[in-house]
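A single structure is presented below for examination.
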Amino acid sequence: MDKNTQGLMFSSKSNEWATPQDFYNKLNAEFGFTLDPCATPTTAKCASYYTVDDDGLSKDWSGHTVFMNPPYGRKQKDWIEKAFQEGEKAGTTVVALVPARTDTKAWHNYCMKATEIRFIKGRLKFGQGTSKTSSAPFPSAVVVFSGSPPPKITGMERQ
């Protein structure tokens, strides 16, 4: 991975790391997403979405089935907390694609209280996923927030 890509992925300079379409399609077929709360017009995965200008963190996600690939930066912990809180609401499910950073407070405070955790085998390729430079420099997980029973932890193949 080149230094520019690495710098962006480990900072909050860009939140435009598009979810691989095949990966999203598999999840969407299972969940039927209705809202993407942290998108851009070019990366949005749902007809209903919020951009940085809309401030998805301040919005109510009630009643939606949410797909969330949060910005990769300092505010990521805020997005994970928001996903947990919204997932506690009746009729709301939040499916979050996040780095599997099991050593962080956000992981222990929120992800470990999720309904389900799916660890992804291998590294996802974000954006167009056509070169080695677009591979994530970290492992990823899909975390499902929909109530608060103990988590179901599984593996998941990448596309």
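Here, each number is a calculation from the coordinates, and none is a lab measurement. The model shown is predicted, which means the values in this text are computed figures rather than measured ones. So basically every Cβ, Gly included, is an ideal-geometry build from the backbone, and we count neighbours across all protein chains shown.
Spelling out what I want: for every residue of region 26-34, take phi, set θ = phi - 60°, compute 6.51 cos²θ - 1.76 cosθ + 1.60 (Karplus), and round to whole Hz; glycine and proline get x.
4, 5, 4, 4, 7, 9, x, 5, 10
How much length is gained if the chain between Glu157 and Arg123 is pulled fully straight, taking 0.36 nm per residue apart and subtracting their Cα-Cα distance, in nm to one decimal?
11.3 nm is the gain from fully extending Glu157 to Arg123.
Oh, and also: Mind giving me the nanometre distance, one decimal, between the label points for Glu116 and Lys59, set 7 Å out from Cα along Cα→Cβ?
So the two model labels end up 2.4 nm from each other.
Set the Förster distance to 22 Å, then compute FRET efficiency between Glu88 and Thr42 from the Cβ-Cβ distance, nearest 0.05.
0.10
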